[in-house]
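A short write-up of the structure that comes next.
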Amino acid sequence: MKRIIGLTGGIATGKTTVADYLGNAYNLPILDADIYAREAVAIDSPLLEQIVKHYGDKILLEDGSLNREKLAEIIFNQQQERLWVDNLIHPYVGDRLSLEIQQSSVQTLVAVVPLLFEASMTDLVTEIWVVTCSEKQQIERLMQRNQLNLEQAQARISSQMPLSEKKKRADIVLDNSSTVEKLLQQIDIAIFQK
């Protein structure tokens, strides 16, 4: 049976660091839900057409691609709109992940799915790893990484399931509130636990 590690956690907790390490140190294929989500709304895609129908042309950049910043502004301030967009994109992402998992001949895969619980995709994986850090660190990292103010960062964090809840549902919790070395040590232990 395939081992499918579902890697999740809050926004800006360090999922990319963990995924990069699993890919580089253990040569594991990394399936990234964010890539499929971007693919879902590519220029001329049916999903992008639905988004334009819903919000109008103002949601596009000059080249016809989705204005992510404008969409983020809408969905992180209006829960109804976020749910509408999520319900549009999540099924596409779930189908793509499922297909990649089925088609892979590798026994161990890593599916990086930030909204693994929120999008009800836990059935695609055989175990769940949650990356965590303190809320203060999460806010600081997110503000720095995405050039957001405090209010914007908090809106994005609160749009996700609380980390405390994700930790309860995890098979493995990786604490990324210390050094990168300490995080990598936890990964090395976790990879051999099953």
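The values are calculated or read from the model by the stated rules, or taken from the named source; none is laboratory data. Predicted model only: the values in this text are computed from it and were never measured. Glycine gets a Cβ as well: all are built from the backbone with ideal geometry, and neighbour counts include every protein chain shown.
Numbers at a glance
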quantity	calculated
Qualifying helices (runs of 4 or more DSSP H) (wholly inside the stretch 102-194; at least 3 residues being in contact (Cβ under 8 Å) with a residue 24 or more places away in the chain and either of a type in the set (Val, Ile, Thr) or out of contact with any Ser or Thr (no Cβ under 7 Å at 6 or more places or on another chain) (or both))	135-146, 150-158, 180-191
VAL93 being touching a Leu at 6+ places or on another chain (Cβ under 7 Å), modelled with pLDDT of 95 or more, surrounded by 13 or more Cβ atoms within 10 Å (Cβ to Cβ) and within 25 Å of ASN176 (Cβ to Cβ)	no
Out of THR132, THR179, sole residue that is surrounded by 15 or more Cβ atoms within 10 Å (Cβ to Cβ), of a type in the set (Ser, Thr, Tyr) and closer than 19 Å to ALA19 by Cβ	THR132
Within the stretch 9-56, considering residues that are of a type in the set (D, E, K, R) and over 21 Å from ASP86 (Cβ atoms), the one surrounded by the fewest Cβ atoms within 10 Å (Cβ to Cβ)	ASP44
Test: residue in the stretch 51-60 that is on the phi < 0 side of the Ramachandran plot, at pLDDT below 95 and touching a Cys at 6+ places or on another chain (Cβ under 9 Å)	no
